[in-house]
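Structure first, then comments.
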Amino acid sequence: MSSLHRCLPWLILLLVLRDGGGGTAVAAAGKVPAIIVFGDSSVDTGNNNFIPTIARSNFWPYGLDFADGHPTGRFSNGRLATDFISEAFGLPASIPAYLDTTLTIDDLAAGVSFASASTGLDNATAGILSVITMAEQLEYFKEYKLRLKLAKGDARGEEIIREALYIWSIGTNDFIENYYNLPERRMQYTAAEYEAYLLGLAESSIRAVYALGGRKMDFTGLTPMGCLPAERMGNRGDPGQCNEEYNAVARSFNAKLKQAVVPKLNKELPGLHLVYADTYDVLDAVVRKPADYGFENAERGCCGTGMFEAGYFCSLSTSLLCTNPNKYVFFDAIHPTERMYNMLADKVMNTTLHVFL
């Protein structure tokens with residue numbers, strides 16, 4: 001069952017309570033004309049296909065369950081959480097990548113992703129695999145706004161920017177690719193200090209979008225990154241088990257984002273509606289007891305051995321591909337399956353609908 005179908009009863013009840021049953025559901029849903037996305041591989045719908053980097057997934061087996069089985073650059077077997085969210089708002093069922101040269105601004109007017117796999121809030125993280133920094137994503141957004149106004153007219157362009165829902169999903173790579181993998185940031189910061197540094201960068205990016213006209217925003221917290229199959233494999237202290245140090249950092253980051261950054265910005269920036277979207281709890285619950293949610297495997301990815309493969313390594317081990325990705329929480333050693341992304345989308349929808357409809 002799709003995210004849209006699961007959310008519909010709740011959505012209908014909400015609209016009835018708001019409008020007294022006056023039949024304004026369509027008008028209310030129309031208040032979000034576009035979904036605009038910033039982030040990393042969790043929400044990159046193909047931008048890295050168009051830059052010189054090895055951080056790509058535009059090849060089989062990625063995309064095997066996407067529409068006609070065509071790999072798009074999404075790091076999954078099918079759609080991402082943001083695709084399901086777009087569909088739930090009555091918008092296109094998949095969000096296009098901004099750098100896709102085959103698309104016009106009209107194709108991007110109802111939703112666009114500026115995200116780049118392997119990036120982070122920290123520019124140094126993006127530099128590891130030469131991907132798009134957050135600053136560059138914001139520059140693309142400025143360009144997008146200008147193109148939108150030229151195509152739609154100033155008034156309509158500004159309206160789309162003002163009423164669009166902005167989603168961030170970013171931060172995991174700053175820890176697992178950068179802080180815990182390379183020495184430079186650990187020499188400069190303790191883990192708590194690095195969290196504070198990243199939260200400052202998150203705040204700056206939110207302020208930048210606000211300055212350009214954005215008002216409805218959803219910043220997604222970190223998932224239990226210590227339970228990614230690749231991190232289980234690399235857990236030297238307890239091989240095969242979740243790295244609880246990494247999970248503790250994710251919970252700490254999320255708490256500060258939710259309790260400090262979000263209320264501060266909502267208070268300081270007039271008209272801003274910023275919410276924190278928790279995806280930690282649902283993924284944590286699934287990886288702890290996968291059978292309760294209809295999964296058979298939460299410790300390995302569907303691709304290859306499931307312990308370390310991601311990106312090009314998945315294309316080199318297709319003979320080991322699992323037969324049913326729906327039974328797996330993760331498609332590769334880092335990224336969830338479409339089914340798990342659908343569950344994450346449900347969580348985000350139930351967090352944001354009451355604010356943005």
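All alpha carbon pair distances within the stretch 202-247 were sorted into 10 Å bins beginning at 0; the resulting P(r) in whole percents reads 26, 27, 18, 22, 7. Placing dummy labels 7 Å off each Cα toward the beta-carbon, the span from Ala67 to Glu244 is 4.5 nm. For the stretch 144-194, the equivalent ellipsoid built from the Cα gyration tensor has semi-axes of 41, 11, 9 Å, listed from largest to smallest. Per-residue surface analysis assigns Thr323 an accessible area of about 140 Å², computed on protein heavy atoms at 1.4 Å probe radius.
Under a 5 Å amide H cut-off, with hydrogens placed 1.01 Å from N, Ile167 pairs with Ile36, Val37, Phe38, Asp218 among residues at least 5 apart or on other chains.
For a 24 Å ceiling on Cα separation, which of these pairs sit above it: Lys258/Lys289; Lys258/Lys347; Lys31/Lys347; Lys216/Lys264; Lys152/Lys347? Long pairs (Cα-Cα over 24 Å): Lys258/Lys289; Lys152/Lys347. In a Debye calculation with equal point scatterers on the alpha-carbon sites of the stretch 46-155 and no solvent, what is log10 I(q)/I(0) at q = 0.13 Å⁻¹? Calculated log10 I(q)/I(0) at the listed q: -0.52. The angle between the Cα long axis of helix 3-19 and the longest principal axis of the Cα atoms of the chain comes to about 30 degrees, rounded to the nearest 10. Rolling a 1.4 Å probe over the protein heavy atoms leaves Ile54 with an accessible area of roughly 120 Å².
A cut-off under 13 angstrom between Cβ atoms defines the neighbours of Val209, and their net charge, with Lys, Arg +1 and Asp, Glu -1, is +3.
In the chain, Cα pairs under 8 Å separated by at least six residues give a relative contact order of 19 percent.
Of all trypsin sites (Lys or Arg not before Pro) in the stretch 198-250, which ones are in loop regions per DSSP and have a Cβ with at most 16 other Cβ atoms within 10 Å? Mind showing how you got there, number by number?
Details: sites: Arg207, Arg215, Lys216, Arg232, Arg236; in loops: Arg215, Arg236.
Qualifying residues, ordered by number: Arg236.
Using only side-chain charges placed at the Cβ, +1 for Lys and Arg and -1 for Asp and Glu, the dipole size of the stretch 111-236 relative to its Cα centre rounds to 320 debye. Annotation: for a label point projected 7 angstrom from Cα along Cα→Cβ of Ala124, residues of the stretch 198-231 with backbone N closer than 13 Å are 198.
Solvent-accessible area of the chain (1.4 angstrom probe, protein heavy atoms only): carbon and sulfur portion equals 55 percent. Expressed as a fraction of 2.2 N^0.38 Å, the value expected for a compact globular protein of N residues, the C-alpha radius of gyration of the stretch 266-357 is 1.36.
Given +1 on the Cβ of Lys and Arg, -1 on the Cβ of Asp and Glu, and no further charges, what dipole in debye does the chain carry about its Cα centre, rounded to the nearest 20? Here the chain has a charge dipole of around 660 debye.
Think of it as helices only: each DSSP H run of n ≥ 4 in the chain is worth -39500 (n - 2.57), and spread over all residues that comes to -12500 deg cm²/dmol at 222 nm. Go ahead and run the numbers for FRET between Ala255 and Lys142, Cβ-Cβ distance against an R0 of 35 Å, rounding to 0.05. The pair Ala255/Lys142 has a calculated efficiency of 0.65. Each of Leu150 and Thr102 was given a label point 7 Å from its Cα along the Cα-to-Cβ line. The distance between the two points is 2.3 nm.
Output the 0 to 90 degree angle, nearest 10, between the alpha-carbon long axis of helix 244-256 and the longest principal axis computed from the alpha carbons of the chain. Between the helix axis and the principal axis of the chain, the angle is about 20 degrees. The base-10 log of I(q)/I(0) for the chain, evaluated at q = 0.08, 0.09 Å⁻¹, reads -0.36, -0.46 [Debye formula, identical scatterers on Cα atoms, solvent excluded].
Rg(Cα) of the stretch 97-171 divided by 2.2 N^0.38 Å? Please list the in-between numbers first.
On the way: Rg = 13.4 Å, N = 75, 2.2 N^0.38 = 11.3 Å.
Computed over Cα atoms of the stretch 97-171, the ratio equals 1.18.
Among Asn266, Phe253, Cys314, which residue has its Cα furthest toward the positive end of the charge dipole of the chain, with +1 on Lys/Arg Cβ and -1 on Asp/Glu Cβ? Toward the positive end, the furthest listed residue is Asn266.
How far apart, in nm, are the 7 Å Cα→Cβ label points at Asn58 and Ser317? Going from the Asn58 label point to the Ser317 one covers 2.5 nm.
In a reduced charge model with +1 at each Lys and Arg Cβ and -1 at each Asp and Glu Cβ, the stretch 217-287 shows a dipole moment near 240 debye about its Cα centre. Ranking Tyr210, Gln188, Met225 by Cα position along the charge dipole of the stretch 176-238, where only Lys, Arg, Asp and Glu carry charges on their C-beta atoms, puts Tyr210 farthest toward the positive end.
The values are calculated or read from the model by the stated rules, or taken from the named source; none is laboratory data. Please read all numbers here as calculations on a predicted model, not as lab measurements. Don't worry about glycine lacking a Cβ; one is built from the backbone with ideal geometry, like all the others, and counts go over all protein chains shown. The protein model used for the area step is the full one, side chains on, heavy atoms only, and it has no ligands, DNA or RNA in it. Shrake-Rupley method; radii C 1.70, N 1.55, O 1.52, S 1.80 Å.
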